[in-house]
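A quick write-up on the structure given underneath.
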Amino acid sequence: MYSVDILIPTYRPGPEFAELLRRLARQHYAIHQVLIINTERQYWDPSFEKAYPGCRVMHIEKNEFNHGGTRSWMAGLSAAEFLVYMTQDALPADTELIGNLVKAFENPGVKAAYARQLPRKDCSLLESCTRAFNYPAESRIKTKDDLGTLGIKTFFCSDVCAAYERKTYLDLGGFPETVNFNEDMIYAAKVIEAGYGVAYVSEAKVIHSHNYTGGQQFRRNFALAVSQADHPEVFAKYPSEGEGIRLVKKTAACVCRKRRPWLLAPLFWQSACKYAGYWLGKRYRKLPRWIVRRWK
């Protein structure tokens, strides 16, 4: 059995986080350690530690947090063979989450694996259709051979729940420490370019979804595009626009199939917000710095 550490950055976690820890405690695959890096100690509830006795908690200030840098630091605190990153709002759907993720590495070519995200009970239909597009029922392993057909989607990976072989993670340089978004895809691109595979494991399931507003979609896509602009070595050859258009078409077909065509209006509004954020984010160097700081 391989050693596995769970690494979770948190920021003002709510009661749901205790449920995440309880579900981790019930996993059938033995977990060596749960490491939590929490931002802003004053919002930390010490009772969380009772949900997973023995979890290791460290606190930092808000200005010390960075998506890539903090996760990179966490990797340096672990000696486990596999690093499983999660977010504070991703709930294991069953007791086999960790076991199913680790099982993907039985294929020696796989060096990264990510879980399927299932919608929450309060998830909107639009978001549910998006989840079905990004996280289908069929597992697959993505390699360099898929770049011609999948394009940028070959690099898709999500630290909402993803596992990495630690040795390869260190050999490839891990997450870029200065990136504040998209660290998972940037590292997955390293894995692919090095000749390895990234596994999408549909049997490994977490419950995770958000009902974002148009403004929230704008900011997320702005941050995503900034990270892409900063890493042309990964994204310049495989632009994301085509994948975005496919998502809109598939989501439109989904809501029509569900006989709720009135949802096309909010779909097109949200899609416009996404595109506007993405378009501006790709050109963020031409914008005033105060705008970039506000939208990132």
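Could you please find all residues in the stretch 261-274 being among the polar types (S, T, N, Q) and either open to solvent by less than 40 Å² (accessible area, probe 1.4 Å) or within 17 Å of Phe181 (Cα to Cα) (or both)?
The answer is Ser271, and nothing else.
Would you pick out the residues in the stretch 19-59 that are open to solvent by less than 20 Å² (accessible area, probe 1.4 Å), modelled with pLDDT of 95 or more and out of contact with any Gly (no Cβ under 9 Å at 6 or more places or on another chain)?
The answer is Leu20, Leu21, Leu24, Leu35, Ile36, Ile37, Asn38, Thr39.
Just name the residue that is farthest from Asp184 (Cα to Cα) out of those in the stretch 145-164 that are of a type in the set (Asp, Glu) and out of contact with any Asp or Glu (no Cβ under 7 Å at 6 or more places or on another chain).
At the first step, the residues of the stretch 145-164 found to be of a type in the set (Asp, Glu) are 145-146, 159.
Next cut, out of contact with any Asp or Glu (no Cβ under 7 Å at 6 or more places or on another chain) only: 145-146.
Values: Asp145: 20, Asp146: 18 Å.
Applying the filter and picking the extreme gives Asp145.
Please verify whether the stretch 245-259 includes one or more residues that are at pLDDT below 95, under 24 Å from Arg285 (Cα atoms) and surrounded by 21 or more Cβ atoms within 10 Å (Cβ to Cβ).
no
What is the residue count in the stretch 112-125 for residues that are open to solvent by 20 Å² or more (accessible area, probe 1.4 Å) and closer than 13 Å to Val201 by Cα? Even if it seems obvious, please write down each step before you answer.
The initial filter retains those residues of the stretch 112-125 that are open to solvent by 20 Å² or more (accessible area, probe 1.4 Å), namely 116, 118-125.
From what is left, the residues that are closer than 13 Å to Val201 by Cα are 116, 118.
Qualifying residue count for the region: 2.
State the number of residues belonging to the stretch 275-296 that are open to solvent by less than 50 Å² (accessible area, probe 1.4 Å) and touching a residue at least 40 places away in the same chain (Cβ under 8 Å). Lay out the reasoning, then the answer.
So the first thing to find is which residues in the stretch 275-296 are open to solvent by less than 50 Å² (accessible area, probe 1.4 Å), and the list is 276-278, 280-281, 284, 287, 291-292.
Those left that are additionally touching a residue at least 40 places away in the same chain (Cβ under 8 Å): 276-278, 280-281, 284, 292.
So the count comes out to 7.
Do we find a residue being open to solvent by 10 Å² or more (accessible area, probe 1.4 Å), in contact (Cβ under 8 Å) with a residue 12 or more places away in the chain, under 14 Å from Tyr11 (Cα atoms) and not small (Gly, Ala, Ser) anywhere in the stretch 76-87?
Yes, some residue in the stretch 76-87 is open to solvent by 10 Å² or more (accessible area, probe 1.4 Å), in contact (Cβ under 8 Å) with a residue 12 or more places away in the chain, under 14 Å from Tyr11 (Cα atoms) and not small (Gly, Ala, Ser).
Yes/no per residue for (1) out of contact with any strand residue (DSSP E or B) (no Cβ under 7 Å at 6 or more places or on another chain); (2) open to solvent by less than 40 Å² (accessible area, probe 1.4 Å):
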| residue | (1), (2) |
| --- | --- |
| Gly99 | yes, yes |
| Glu127 | yes, yes |
| Glu138 | no, no |
| Lys142 | no, yes |
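Look at the stretch 88-110 and say how many of its residues are without any contact (Cβ under 8 Å) to a residue 24 or more places away in the chain and over 16 Å from Glu203 (Cα atoms).
1
Inspect all residues belonging to the stretch 234-243 and state whether any of them is of a type in the set (Gly, Ala, Ser) and free of Cβ contacts under 8 Å to residues at least 12 places away in the same chain.
Yes: one or more hits.
In this structure, does Arg71 turn out to be surrounded by 20 or more Cβ atoms within 10 Å (Cβ to Cβ) and in contact with a helix residue (DSSP H, G or I) (Cβ under 8 Å, 6 or more places away or on another chain)?
Values: surrounded by 20 or more Cβ atoms within 10 Å (Cβ to Cβ): yes; in contact with a helix residue (DSSP H, G or I) (Cβ under 8 Å, 6 or more places away or on another chain): yes.
Spelling it out, Arg71 is indeed surrounded by 20 or more Cβ atoms within 10 Å (Cβ to Cβ) and in contact with a helix residue (DSSP H, G or I) (Cβ under 8 Å, 6 or more places away or on another chain).
Scanning for something acidic (Asp, Glu) and within 16 Å of the chain's Cα centre (by Cα), does the stretch 77-93 turn up at least one residue?
Among the residues of the stretch 77-93, at least one is acidic (Asp, Glu) and within 16 Å of the chain's Cα centre (by Cα), which makes the answer yes.
Give me the helices (runs of 4 or more DSSP H) completely within the stretch 146-213, filtered to those with at least 1 residues that are basic (Lys, Arg) and either open to solvent by 10 Å² or more (accessible area, probe 1.4 Å) or modelled with pLDDT under 95 (or both), ordered by residue number.
Of the helices (runs of 4 or more DSSP H) lying wholly inside the stretch 146-213, those with at least 1 residues that are basic (Lys, Arg) and either open to solvent by 10 Å² or more (accessible area, probe 1.4 Å) or modelled with pLDDT under 95 (or both) span 166-171, 183-193.
The values are calculated or read from the model by the stated rules, or taken from the named source; none is laboratory data. Owing to the predicted nature of the structure, the values given are computational and were not obtained by experimental measurement. Virtual Cβ from ideal backbone geometry, glycine too; neighbours counted across all protein chains shown. The area values use the complete protein model at the heavy-atom level, side chains included, leaving out ligands, DNA and RNA. Shrake-Rupley method; radii C 1.70, N 1.55, O 1.52, S 1.80 Å.
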